[in-house]
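The values are calculated or read from the model by the stated rules, or taken from the named source; none is laboratory data. As the structure is a computational prediction, the values presented were derived from the model and not from experiment. Here the Cβ positions follow ideal geometry from the backbone for every residue, glycine too, while neighbour counts run over all protein chains shown.
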Amino acid sequence: MSFKKTTEQSSNYTNLERMTTLELIENINKEDKTVAFAVEKEKHKIEKLVDAIVSKMKIGGRLFYMGAGTSGRLGVVDASECPPTFGVEHGLVIGLIAGGDKAIRRAVEFAEDSENQGWNDLLENNINENDVVIGIAASGTTPYVIGALEECNRIGIVTGSITCNPNSPIDKLAKYPICPEVGPEFVTGSTRMKSGTAQKMVLNIISTTVMIKLGKVIGNKMVDMQLSNLKLVDRGTKMVMQEIEVEYEKAKELLLEQGSVRKAIEFFNKIK
């Protein structure tokens, strides 16, 4: 069945090469301003997907993102940021990209065109019925993602998708489809722009909301973040100071001894 690829439609602008630097910046920014509104329209669909992910994670499930090119890289980025931000183990959120890790930095020709490789990549990660798989593809037609979602559906694994073309094959395949329709790109067909921005926004919403629902945030603070550099140690120290009202050095001592903001606060409250 054919569908309208709005992401491939001609740009609303022409003669880009004749624009001044400021005109280019203003017009790109003008287009970017529409993205948040497109994402907002999908909020109820995002809600359903988040609740499904939380339900599965509470019984030991994992979250997989998979895509090709820009979409795949965005999934890998979001997955890689969950452990340092929320203190979850590596492997709870997994990003898979067509062509493997080398495709993160450099395009791998035709990697996305295999309908079997996506499912093979999931099998290598011991995919099971407790997991959730989200296919990410601006076009909604990436074979790497389509093949994986078809197999997941076949054996009852929960599937979601983030696309930018309504009624695309992937949009129709996923049990929980999310489709912010951002329209034509500023540079015709360059889906790393508005489409990529929309996908990044949705990924931020999904992972952050899931982690909050799993108890990884208290108040508004990342109490389980990893103390992997001096900036984060300083941030954690200030969180401890605010929560238990002690001086900086005492808060830092507690933080480093206990290993996390959460544990430092719990330990202090236990002994006081």
- Would it be correct to say that Ser168 is in contact with a Gly (Cβ under 8 Å, 6 or more places away or on another chain), modelled with pLDDT of 95 or more and polar (S, T, N, Q)? yes
- Flag for Leu254 being in a helix (DSSP H, G or I) and more than 30 Å from Ile146 (Cα to Cα): yes
- What are the residues in region 223-238 that are surrounded by 14 or more Cβ atoms within 10 Å (Cβ to Cβ) and assigned to a loop (DSSP other than H, G, I, E, B), if any? Val223, Asp224, Met225, Gln226, Leu227
- Message: Pairs needed: first member in region 239-252, exposed (fewer than 14 other Cβ atoms within 10 Å of the Cβ); second member anywhere, at pLDDT 95 or above and not aromatic (Phe, Trp, Tyr); C-beta distance under 7 Å; at least 6 residues apart or different chains.
- Response: Tyr248/Thr237
- Pick from region 22-74 the residues that are touching a Leu at 6+ places or on another chain (Cβ under 8 Å) and assigned to a loop (DSSP other than H, G, I, E, B): which of them is surrounded by the most Cβ atoms within 10 Å (Cβ to Cβ)? Arg62
- Query: If Ile59 passes every condition in (1) within 17 Å of the chain's Cα centre (by Cα); (2) among the β-branched types (Val, Ile, Thr); (3) farther than 25 Å from Thr191 by Cα but one, which one does it miss?
  - Reply: (1)
- Query: Based on what the data block shows, is Thr20 of a type in the set (S, T, N, Q) and in contact (Cβ under 8 Å) with a residue 24 or more places away in the chain?
  - Reply: no
- Query: Can you name the residue in region 187-222 that is part of a helix (DSSP H, G or I) and free of Cβ contacts under 8 Å to residues at least 60 places away in the same chain and is also surrounded by the fewest Cβ atoms within 10 Å (Cβ to Cβ) among such residues?
  - Reply: Ile212
- Could you please let me know if Glu89 is over 14 Å from Leu203 (Cβ atoms) and either in a loop (DSSP other than H, G, I, E, B) or within 15 Å of the chain's Cα centre (by Cα) (or both)? yes
- Query: Out of all the residues in region 199-212, which are farther than 12 Å from Cys82 by Cα and either β-branched (Val, Ile, Thr) or not assigned by TED's automatic domain parsing to the domain that holds Val77 (or both)?
  - Reply: Val202, Ile205
- Test: residue in region 149-159 that is touching a strand residue (DSSP E or B) at 6+ places or on another chain (Cβ under 8 Å), under 21 Å from Asn125 (Cα atoms) and in contact (Cβ under 8 Å) with a residue 60 or more places away in the chain: yes
- Note on the structure: When (1) in a helix (DSSP H, G or I); (2) crowded, with 24+ Cβ neighbours inside 10 Å; (3) within 19 Å of the chain's Cα centre (by Cα); (4) not basic (Lys, Arg) are applied to Ile146, the one that fails is (2)
- Query: In region 98-114, which residue that is of a type in the set (Asp, Glu) and either at pLDDT 90 or above or not in a loop (DSSP other than H, G, I, E, B) (or both) is surrounded by the fewest Cβ atoms within 10 Å (Cβ to Cβ)?
  - Reply: Asp101
- Task: Return yes when Glu124 is touching a helix residue (DSSP H, G or I) at 6+ places or on another chain (Cβ under 8 Å) and assigned by TED's automatic domain parsing to the domain that holds Ser190 and no when it is not.
- Result: no
- Item | Whichever residue in region 149-167 is in a loop (DSSP other than H, G, I, E, B) and within 20 Å of the chain's Cα centre (by Cα) and, among such residues, is surrounded by the most Cβ atoms within 10 Å (Cβ to Cβ) | Thr163
